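The values are calculated or read from the model by the stated rules, or taken from the named source; none is laboratory data. The structure presented is a predicted model; accordingly, all values stated were derived computationally and were not measured. A quick note on method: Cβ atoms are made from the backbone with ideal geometry, for glycine too, and the neighbour counts reach across all protein chains shown. For accessibility, only protein heavy atoms count, side chains too; no ligands or nucleic acids. Shrake-Rupley method; radii C 1.70, N 1.55, O 1.52, S 1.80 Å.
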Amino acid sequence: MAAILSIKDLQKTYEGGFQALKGVNLDIEEGEILALLGPNGAGKTTLISTICGITTPSSGSVTVGGHDILEDFRAARSLIGLVPQEINLEPFETVWNSVRFSRGLFGKPRNDALIEEILRKLSLWDKRKSQIKELSGGMKRRVLIAKALSHDPRILFLDEPTAGVDVELRKDMWDVVAELKRDGVTIILTTHYIEEAEAIADRVGVITSGEILLVQEKEQLMRQLGQKQLEVQLVETLSEVPDPLRTYGVSLREDGRALIYTYDTNAERTGITALLNEVAAAGLTLADVQTRQSSLEDIFVGLVSGDNT
Amino acid sequence: MNWTAIAAIYRFEMARFFRTLMQSFLSPVLSTSLYFVVFGAAIGSRIDQVEGVAYGAFIVPGLIMLSVMTQAISNASFGIYFPKFIGTIYELLSAPVNFLEIVLGYVGAAATKALFIGVVILITASLFVDLTIAHPFAMMLFLVLTCVSFALLGFIIGVWAKNFEQLQLVPLLIVTPLVFLGGSFYSISMLPTIWQKITLFNPVVYLISGFRWSFFGTSDVPVGFSLLAIGGFTLLCLGAIWWIFKTGWRIRA
Ligand SMILES: Nc1ncnc2c1ncn2[C@@H]1O[C@H](COP(=O)(O)OP(=O)(O)O)[C@@H](O)[C@H]1O
Ligand SMILES: [Mg+2]
């Protein structure tokens with residue numbers, strides 16, 4: 001599949017001299033859902049803002065549907081819908097007028113039927129005549145989504161769409177995303193909840209300190225996240241892994257007094273029982289047993305020190 | 001040109017105006033009436049005539065200009081400052097529109113509001129004094145050009161302003177004095193010679209003079225100068241706005 005969004009060596013240094021993006025490379029395929037996962041301040045919003053034209057890139061290039069975001073900004077931006085992280089709405093305007101305005105701003109002819117459909121889908125139809133200041137936080141966020149959808153974007157950016165949103169609405173939002181995907185819309189969402197990425201993404205990109213550390217199929221990443229380490233501490237001190245245990249992919253701790261076994265908690269069989277039997281059969285004596293879950297942090301640390309994946 | 005986008009911005013901005021229509025309408029009517037009571041009746045009864053025109057009528061063009069200029073500036077500056085303040089500017093910046101389209105939408109709406117108020121004042125004034133307009137087309141031309149050029153200036157102020165104080169500052173400290181000293185309520189021929197010279201550095205003098213000429217056929221400075229001044233001012237503002245969008249100054253991080 002062709003990349004609908006292609007980011008090449010994108011750098012952004014803010015006026016104060018702070019470098020928020022340190023050479024981002026990323027290709028996003030048409031129709032996929034990519035979750036950008038990263039802690040606060042990682043540069044997620046900066047990345048989205050730069051693609052959408054809200055901040056200017058310092059260097060590098062971005063094409064959207066083959067159109068350069070600077071040279072051919074009209075064609076590029078026409079394809080994009082943006083749901084910003086902050087709830088930025090004109091408080092005194094009605095829901096209907098706000099959404100209609102967005103469609104017009106993108107140069108699309110008036111289409112009340114479409115706007116009605118969007119408002120109904122987002123459960124905003126009853127509120128269409130309300131002023132935005134009268135709406136709850138969750139409703140306002142849905143208005144932002146309605147505005148972004150009003151001009152039929154091919155790519156939708158959702159910047160932390162479910163931050164501070166209750167569970168019910170989060171589920172609704174995920175449904176909307178799934179439906180958009182069925183319509184072939186490419187979706188890029190940022191989040192710092194791993195569960196969110198897990199629930200809806202096809203691929204997950206991990207970003208910290210302005211750098212994309214990895215982009216992986218979700219399944220693969222989840223497998224890594226699902227990995228646990230078993231440390232079997234021994235009374236004996238070994239110089240190498242005993243032969244029968246090698247087939248398990250066991251490694252020896254540096255001091256030679258423990259065996260380390262990595263296994264997948266999602267797998268049907270973890271292989272722990274068999275391993276422990278082999279340890280006993282090899283005539284080794286257990287001193288203690290410990291397990292450790294590999295967390296997102298572990299993956300971050302692993303990626304930064306460059307010895308993972 | 002993305003005309004649909006221009007229309008969308010224009011309509012959205014005008015909606016704000018219509019939400020407060022009564023206020024937009026009543027306040028110029030009220031303040032104009034007050035001016036006539038104070039200037040027309042109290043002072044006018046002593047001054048009688050200026051350049052062969054009854055004082056009450058003489059101040060009408062200046063009154064209209066005063067309101068139109070301040071309204072154009074405040075509407076346009078607020079119009080673009082408000083989205084910056086509440087964050088909705090993200091949508092403008094990420095839309096497939098260029099600077100000219102954004103300016104046409106915002107400045108067009110601000111100029112329309114100012115024009116509306118100018119016309120309301122003109123009608124109110126005509127209830128108080130006898131008014132004949134010597135050159136109606138020129139009058140409309142001056143009025144529209146003033147609305148547009150001061151809305152452009154207001155747009156720049158709105159982009160420049162970092163807070164509400166700054167938003168008020170330029171109109172208050174610069175524009176209002178220039179307008180009052182620009183011959184709104186007197187002919188500059190009434191000033192001492194030295195002040196007549198200094199006054200010519202005030203751009204507003206040319207606008208009011210030209211506008212007054214369109215009413216009464218007499219002017220402080222040649223009408224051609226007035227047109228040149230307002231044309232030059234408009235171009236200057238457009239240039240500044242072009243630069244703002246090119247560099248993203250105070251709009252794009
Ligand atoms: N306008 C700005 N000027 C200077 N620094 C900024 C600006 N916007 C964001 N930053 C900095 O850039 C970094 C990345 O911010 P952001 O992209 O908002 O991160 P995220 O969305 O991942 O939380 C942060 O350290 C933030 O302080
Ligand atoms: Mg963010």
| Rounded if a/c is under 1.5, else prolate if a/b is larger than b/c, else oblate: which is the stretch A:114-180, with a ≥ b ≥ c the root eigenvalues of its Cα gyration tensor? | oblate
| query | Cα-based Rg (one decimal) and Dmax (whole number) for chain A, in Å? | reply | 24.5, 80
| note | Phi angles of the stretch B:224-235, converted by Karplus (6.51 cos²θ - 1.76 cosθ + 1.60, θ = phi - 60°) into ³J(HN,Hα) in whole Hz with x for Gly and Pro, give x, 4, 4, 5, 4, 4, 6, x, x, 4, 4, 5
| field | Convex hull per residue volume in Å³, alpha carbons only, for the stretch A:227-293 | value | 77 Å³
| task | Using only protein heavy atoms and a 1.4 Å probe, report how much of A:S251 is accessible, in Å² to the nearest 10. | result | 50 Å²
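What fraction of the Cα pairs in the protein assembly as shown, stated in percent, has a spacing above 29 angstrom?
64 percent
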| request: Using packing as a proxy for protection, rank A:270-277, A:19-26, A:134-141 so that the peptide with the highest average count of other Cβ atoms within 10 Å comes first. | output: A:19-26, A:134-141, A:270-277
| Cα-centre dipole for the protein assembly as shown with unit charges at Cβ (Lys and Arg positive, Asp and Glu negative), debye to 20 | 2500 debye
| said: From the convex hull of the Cα coordinates of the stretch A:14-135, what is the mean projected area in square nanometres? | reply: 9.7 nm²
| request: Mind telling me which of A:F106, A:F92, A:F157 comes out most flexible in a GNM of chain A, alpha-carbon contacts under 10 Å? | output: A:F92
| If you find the alpha carbon centre of the stretch A:218-285 and of the stretch A:134-162, how far apart are they in angstrom? | 48 Å
| remark: With the charge dipole of the protein assembly as shown built from beta-carbon charges (+1 for Lys and Arg, -1 for Asp and Glu) about the Cα centre, the Cα from A:T237, A:V279, B:L145 projecting farthest to the positive end belongs to B:L145
| Cα-Cα P(r), the stretch B:137-231, percent of pairs per 10 Å interval | 16, 44, 30, 10, 0
| field | Listed residues B:V221, B:V50, B:V38, most fluctuating in chain B (Gaussian network, C-alpha, under 10 Å) | value | B:V38
| query | Would you list A:K133, B:K246 from the most to the least accessible area, probe 1.4 Å? | reply | B:K246, A:K133
| query | Which order do B:W242, A:W96 take by accessible area at a 1.4 Å probe, largest first? | reply | B:W242, A:W96
| field | Sequence-separation-based contact order of the stretch A:108-192, relative, with Cα cut under 8 Å and 6+ spacing, percent | value | 31 percent
| request: Would you calculate the volume per residue, in Å³, of the smallest convex hull containing every Cα atom of the stretch A:79-139? | output: 94 Å³
| query | Which loop GluC sites (Glu not before Pro) in the stretch A:42-119, with loop taken from DSSP, have no more than 14 other Cβ atoms within 10 angstrom of their Cβ? | reply | A:E71, A:E86
| Relative to the longest principal Cα axis of chain B, at what angle does helix B:55-86 sit, 0 to 90 degrees, rounded to 10? | 10 degrees
| At q = 0.15 Å⁻¹, base-10 log of I(q)/I(0) for chain B (Debye sum, equal scatterers on each alpha carbon) | -1.05
